[in-house]
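Peer 1: Questions regarding the structure given below will be posed in turn.
The values are calculated or read from the model by the stated rules, or taken from the named source; none is laboratory data. All of these numbers come straight from a predicted model, not from anything done at the bench. Glycine also receives a Cβ, built like all others from the backbone with ideal geometry; neighbour counts cover every protein chain displayed.
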Amino acid sequence: MTGSDPAQTFREEAAELLTELETILLSLEANPDDRELLDTTFRALHTIKGSGAMFGFDAVANFTHHLENAFDLVRKGKIQLNSQLIGIALTARDHIRTLIETPSQADPKEGLRLLSMLEEQTGLAASSQLHPVEQSRAGAQDHDQAKNLVTWRIRFRLAPDALERGTNPFLLLDELCSLGKATVVALTEDVPPLEEMDHNRCYVSWDVVLTTAQPSSVIEEVFIFVMDDTDLSIVQVHSAPERIGEILVARGELAADQIQEAAATQEKLGQVLVKDGAISEERLQSALAEQKHVRSETEAARNSAQANGSVRVPAERLDDLMDQVGELVIAQARLKQLIASSTDLSIKSVAEEIERLSNGLRETTMGIRMVPIGTLFSRFRRLIRDLSRELDKDVALTMAGEDTELDKTMIERLNDPLIHIIRNSLDHGLERRGDRQTAGKPDQGQIHLSARHDGTKVVITVRDDGRGLDRERIRAKAEEQELIPPGVKLNDAELFQLIFHPGFSTAKTVTNVSGRGVGMDVVKRAIDALRGDIDVFSQPGIGTEIALGLPLTLAIIDGLLVRVGNGRYVIPLSAVEECVELSAEEDKRHRGRNFLNIRGTLIPFIRLRDVFASPQPPDLYQKVVIIATGESRIGLVVDQVLGDHQTVIKSLSRLHADVEHFSGATILGDGSVALILDVGRLVLYGQTMESQRDAS
């Protein structure tokens, strides 16, 4: 199904609205008095209902209508918003998603159960619903009206005896406000002193700036019963005046020459006009209110136009585009190698221009694929809300760095690992309320999600303020499972890495959330597949932090091309710290030790020719490439550093899926293949070798 199919377009737009709705509902639970959040919730439900009816999703429209009615009652102050209603709305949101995405799997009994719960909360009868045709008309009308918004300037003064005849000006104002977005200013300049006031007379007039899709005839109908005795003016605002003087002239308050004369004083125009008695303070404030209103609506229209100017592109097309760009990068590398020995300057000039365009296209394409990580973080608010209730723990989620961008493929593949980490933090890390009080902590536990750029990587951290990791229990469990020899010395970083071993769990009881020894090993495998690394930091009684270091993209990376024997390999440049020389004499001297002294720091190194069993003798002057992952550093001994290389990552076949030390392959300019080194596995391999030497 293509993106041009109307039903598919509705599904895509509804998916965005439902994601937004979940976030808003969770925010609304914490801030039930926030009118803007409440209005946004109502608009999202109204849009889903109207659009669903237009595109033939009648079941969606009918069900959503009941939820919309409930929040309409909340908006009108007829019922109180509470956690129970929010919980019903969140579950109803899930049911709506099922009705849209997989209607055959939607359980009608679940829908009736939710409507029954909604009726208990609101008192609304579940049988009240719009006919699908009426909903379709309403949705189509809303869609058309959004394109034809007009701003009107309305001024009215009721007859002095209007109150005696039963006219209520507030009802007139409410009806005007119901037509669109309105700004109302009361003009009280004619109100006499209190001792002279007749409480039966109306002294106040009103200025209203109204943005609506309704014609002036509908506005006039608001005043149909008081039209004869009301001083009424309805004028369309055709443009957005930037200066307050232009507004005052357009309103007929002042003449243009009066404005020019006041402006010549070089003081604030409004202050001068009020001081000179040319205009009252109230009429100035009314003009300022109109200025603010019109500017706000103009900006909203501009943003809407920009949003409507965007293009919705299926993810598969972006993936295809990235593949084509990758092939272009490979072809450009071949061209660069072919002309390296050429003396034709014109051909070299063209090749350099192609390289510049290729690099620009690569950056643009990668930028299109970048998505703010906040879209991922917001999914976990619902997870934490539901789990905290299931585990009977009071937990608050805080976030930072939501604007940090990451490749969309990375975002999709990070969802499951982060779910496992958060579930473990909630179940294992955070204490129950009584235990927290005993430890002198606040009753409410904290889970903090953050993201930040660190060089060419993105670091995502999950931190809790719980009990921290139990080092002795981890060690005992690891020795019990024979993961480590009894009594072996391990630092915190090495000890904490054991929790990622398959089947490893320190939970005393098995719950619905954790305790079966699965989860953290899934995290490790997923992060390894993303060429990332995991670091764990923990302090007893203070909390635990798990940091995920990830490359920005999985498609094209900058790499360092090296040679070992006759083979060529790529090391991700983001992991490279420096390169040092290792002569044949030093190589012999270091045999058996495998440590380099780099400015006073001992760094272990491994010889890649030994790891890859290269039959060729080593070069006279070998190089050591110092790489780092997290807090760990290690040296890789190679024969030659060939230089930097734009690396288009190609996945290894299933036949080579279990080959260690490599995360993929790339095609070089001469058409040959170079394997991409898996930095994380090599560092772990080096640490394992050193641990084995220490143990022996």
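Peer 1: Just to check your reading of the model, which residue among Val564, Val576, Val580, Val637 is outside the structural domain of Gly440 (by TED's automatic domain parsing), of a type in the set (Val, Ile, Thr) and in contact (Cβ under 8 Å) with a residue 60 or more places away in the chain?
Peer 2: Details: Val576 fails: in contact (Cβ under 8 Å) with a residue 60 or more places away in the chain; Val580 fails: in contact (Cβ under 8 Å) with a residue 60 or more places away in the chain; Val637 fails: in contact (Cβ under 8 Å) with a residue 60 or more places away in the chain.
Result: Val564 is the single residue among Val564, Val576, Val580, Val637 that is outside the structural domain of Gly440 (by TED's automatic domain parsing), of a type in the set (Val, Ile, Thr) and in contact (Cβ under 8 Å) with a residue 60 or more places away in the chain.
Peer 1: Also, I was wondering about something else. Only residues that are of a type in the set (Gly, Ala, Ser), farther than 15 Å from Arg93 by Cβ and without any contact (Cβ under 8 Å) to a residue 60 or more places away in the chain: list them for the range 27-50, please. Walk me through how you get there before you give the answer.
Peer 2: Within the range 27-50, the first condition is being of a type in the set (Gly, Ala, Ser), and the residues that meet it are 27, 30, 44, 50.
Keeping just the survivors that are farther than 15 Å from Arg93 by Cβ gives 30, 50.
Answer for the range 27-50, where residues must be of a type in the set (Gly, Ala, Ser), farther than 15 Å from Arg93 by Cβ and without any contact (Cβ under 8 Å) to a residue 60 or more places away in the chain: just Ala30.
Peer 1: May I pose another question? Could you list, in sequence order, all residues of the range 367-406 that are in a helix (DSSP H, G or I), within 15 Å of the chain's Cα centre (by Cα) and of a type in the set (Gly, Ala, Ser)?
Peer 2: Of everything in the range 367-406, just one residue is in a helix (DSSP H, G or I), within 15 Å of the chain's Cα centre (by Cα) and of a type in the set (Gly, Ala, Ser), namely Gly374.
Peer 1: Something else: Under 8 Å by Cβ, and 6 or more places apart or on different chains, what pairs join a residue from the range 499-511 that is more than 14 Å from Arg423 (Cβ to Cβ) with one that is outside any helix (DSSP H, G or I) and at pLDDT 70 or above?
Peer 2: Phe500/Ile534; His501/Gln481; His501/Leu483; Gly503/Gln481; Phe504/Gln481; Phe504/Leu483; Thr506/Asp470
Peer 1: Among the listed residues Ile460, Ile422, identify the single one that is in a helix (DSSP H, G or I), of a type in the set (A, V, I, L, M), under 22 Å from the mean Cα position of the chain (by Cα) and surrounded by 14 or more Cβ atoms within 10 Å (Cβ to Cβ). Steps first, answer last, please.
Peer 2: On the way: Ile460 fails: in a helix (DSSP H, G or I).
Result of the check over Ile460, Ile422: Ile422.
Peer 1: Taking the residues in the range 330-366 that are among the hydroxyl-bearing types (Ser, Thr, Tyr) and in a loop (DSSP other than H, G, I, E, B) as candidates, determine which candidate is farthest from Ile557 (Cα to Cα). Please lay out each step first, then the result.
Peer 2: Here is the first cut: in the range 330-366, the ones among the hydroxyl-bearing types (Ser, Thr, Tyr) are 341-343, 346, 349, 358, 364-365.
If we keep only those that are in a loop (DSSP other than H, G, I, E, B) too, we end up with 341-343.
Working: Ser341: 27, Ser342: 28, Thr343: 31 Å.
This residue is Thr343.
Peer 1: Does the range 610-620 contain at least one residue that is closer than 12 Å to Val637 by Cα and assigned to a helix (DSSP H, G or I)? Write out each step before concluding.
Peer 2: Quick first cut of the range 610-620, residues closer than 12 Å to Val637 by Cα only: 610-612, 618-619.
With assigned to a helix (DSSP H, G or I) added as a condition, the list becomes 610-611.
The answer is yes; a qualifying residue exists.
Peer 1: So, of the residues in the range 362-385 that are among the aliphatic types (A, V, I, L, M) and surrounded by fewer than 16 Cβ atoms within 10 Å (Cβ to Cβ), which turns out to be nearest to Glu20 (Cα to Cα)?
Peer 2: Narrowing the range 362-385 to residues among the aliphatic types (A, V, I, L, M): 366, 368, 370-371, 373, 376, 383-384.
From what is left, the residues that are surrounded by fewer than 16 Cβ atoms within 10 Å (Cβ to Cβ) are 368, 383.
Numbers: Ile368: 21, Leu383: 15 Å.
Among those residues, the one meeting the criterion is Leu383.
Peer 1: Another one. With closer than 25 Å to Leu171 by Cβ, free of Cβ contacts under 8 Å to residues at least 60 places away in the same chain and assigned to a helix (DSSP H, G or I) as the only criterion, which of Glu221, Glu246 stands out? Step through it out loud before you land on a result.
Peer 2: Values: Glu246 fails: closer than 25 Å to Leu171 by Cβ.
Exactly one of Glu221, Glu246 is closer than 25 Å to Leu171 by Cβ, free of Cβ contacts under 8 Å to residues at least 60 places away in the same chain and assigned to a helix (DSSP H, G or I), namely Glu221.
Peer 1: Cβ-Cβ under 9 Å, sequence separation 6+ or interchain: first residue in the range 5-26 and under 15 Å from Arg385 (Cα atoms), partner among the small types (Gly, Ala, Ser) and loosely packed, with under 14 Cβ neighbours inside 10 Å. Which pairs?
Peer 2: Between residues of the range 5-26 that are under 15 Å from Arg385 (Cα atoms) and residues that are among the small types (Gly, Ala, Ser) and loosely packed, with under 14 Cβ neighbours inside 10 Å, there is no close pair.
Peer 1: Evaluate the range 477-492: report whether one residue or more is part of a helix (DSSP H, G or I) and touching a residue at least 40 places away in the same chain (Cβ under 8 Å).
Peer 2: Looking only at the range 477-492, we keep the residues that are part of a helix (DSSP H, G or I), and these are 477-480, 492.
Checking the rest, the ones that are also touching a residue at least 40 places away in the same chain (Cβ under 8 Å) come to 492.
Looking through the range 477-492, at least one residue is part of a helix (DSSP H, G or I) and touching a residue at least 40 places away in the same chain (Cβ under 8 Å).
Matching residues to (1) surrounded by 15 or more Cβ atoms within 10 Å (Cβ to Cβ); (2) modelled with pLDDT of 85 or more; (3) not assigned by TED's automatic domain parsing to the domain that holds Pro108:
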residue	(1), (2), (3)
Phe10	yes, no, no
Ala15	no, yes, no
Leu28	yes, yes, no
Pro32	yes, yes, no
Leu37	yes, yes, no
Ser51	yes, no, no
His66	yes, yes, no
Ala70	yes, yes, no
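Peer 1: Oh, and also: Could you list, in sequence order, all residues of the range 427-445 that are in contact (Cβ under 8 Å) with a residue 60 or more places away in the chain and over 13 Å from Gly541 (Cα atoms)? First the steps, then the outcome.
Peer 2: Filtering the range 427-445 for residues in contact (Cβ under 8 Å) with a residue 60 or more places away in the chain gives 427-429, 439.
Residue satisfying the conditions is Asp427 alone.
Peer 1: May I ask you to say which residue of Asp443, Asp407 is modelled with pLDDT under 85 and touching a helix residue (DSSP H, G or I) at 6+ places or on another chain (Cβ under 6 Å)? Lay out the reasoning, then the answer.
Peer 2: Working: Asp443 fails: modelled with pLDDT under 85.
Only one candidate qualifies: Asp407.
Peer 1: Which of the residues belonging to the range 432-457 are buried (at least 18 other Cβ atoms within 10 Å of the Cβ) and of a type outside the set (Ser, Thr, Tyr)?
Peer 2: Here is the first cut: in the range 432-457, the residues buried (at least 18 other Cβ atoms within 10 Å of the Cβ) are 436, 441, 445, 447, 449-451, 457.
If the condition is that a residue be buried (at least 18 other Cβ atoms within 10 Å of the Cβ) and of a type outside the set (Ser, Thr, Tyr), then Arg436, Lys441, Gly445, Ile447, Leu449, Ala451, Lys457 are the ones that fit.
Peer 1: Any chance you could count how many residues in the range 464-476 are touching a Ser or Thr at 6+ places or on another chain (Cβ under 9 Å) and either in a strand (DSSP E or B) or free of Cβ contacts under 8 Å to residues at least 12 places away in the same chain (or both)?
Peer 2: 2
Peer 1: Another question about this same structure. Within the range 639-667, how many residues are hydrophobic (A, V, I, L, M, F, W, C), at pLDDT 75 or above and either touching a helix residue (DSSP H, G or I) at 6+ places or on another chain (Cβ under 8 Å) or part of a loop (DSSP other than H, G, I, E, B) (or both)?
Peer 2: So in the range 639-667, the residues hydrophobic (A, V, I, L, M, F, W, C) come out as 641-642, 648-649, 652, 655, 657, 659, 662, 665, 667.
Filter again for at pLDDT 75 or above, leaving 641-642, 648-649, 662, 665, 667.
Pick out the ones that are also either touching a helix residue (DSSP H, G or I) at 6+ places or on another chain (Cβ under 8 Å) or part of a loop (DSSP other than H, G, I, E, B) (or both) and you get 648-649, 662, 667.
Counting residues in the range 639-667 that are hydrophobic (A, V, I, L, M, F, W, C), at pLDDT 75 or above and either touching a helix residue (DSSP H, G or I) at 6+ places or on another chain (Cβ under 8 Å) or part of a loop (DSSP other than H, G, I, E, B) (or both) gives 4.
Peer 1: Condition test on Ile86, is it within 25 Å of Arg11 (Cα to Cα) and at pLDDT 85 or above? Talk me through it step by step, then tell me what you get.
Peer 2: Numbers: within 25 Å of Arg11 (Cα to Cα): yes; at pLDDT 85 or above: yes.
Judged against the criteria, Ile86 is a match.
Peer 1: Within the range 222-255, work out how many residues are within 16 Å of Val150 (Cβ to Cβ) and either modelled with pLDDT under 85 or among the basic types (Lys, Arg) (or both).
Peer 2: 6
Peer 1: For residues that are among the acidic types (Asp, Glu) and either without any contact (Cβ under 8 Å) to a residue 12 or more places away in the chain or touching an Asp or Glu at 6+ places or on another chain (Cβ under 9 Å) (or both), tally how many sit in the range 81-106. Give the derivation first.
Peer 2: Filtering the range 81-106 for residues among the acidic types (Asp, Glu) gives 94, 101.
The next check asks that each one be either without any contact (Cβ under 8 Å) to a residue 12 or more places away in the chain or touching an Asp or Glu at 6+ places or on another chain (Cβ under 9 Å) (or both); those that pass are 94.
Final tally of qualifying residues: 1.
Peer 1: Of all residues in the range 386-409 being buried (at least 16 other Cβ atoms within 10 Å of the Cβ) and in contact with a Gly (Cβ under 9 Å, 6 or more places away or on another chain), which is farthest from Ser27 (Cα to Cα)? Talk me through it step by step, then tell me what you get.
Peer 2: First, pick out the residues of the range 386-409 that are buried (at least 16 other Cβ atoms within 10 Å of the Cβ): 387-388, 391, 393, 395, 397, 399, 401, 404-409.
Filter once more, so that each one left must be in contact with a Gly (Cβ under 9 Å, 6 or more places away or on another chain): 388, 393, 395, 399, 401, 404-405.
Values: Ser388: 16, Lys393: 19, Val395: 14, Met399: 13, Gly401: 18, Thr404: 21, Glu405: 23 Å.
This residue is Glu405.
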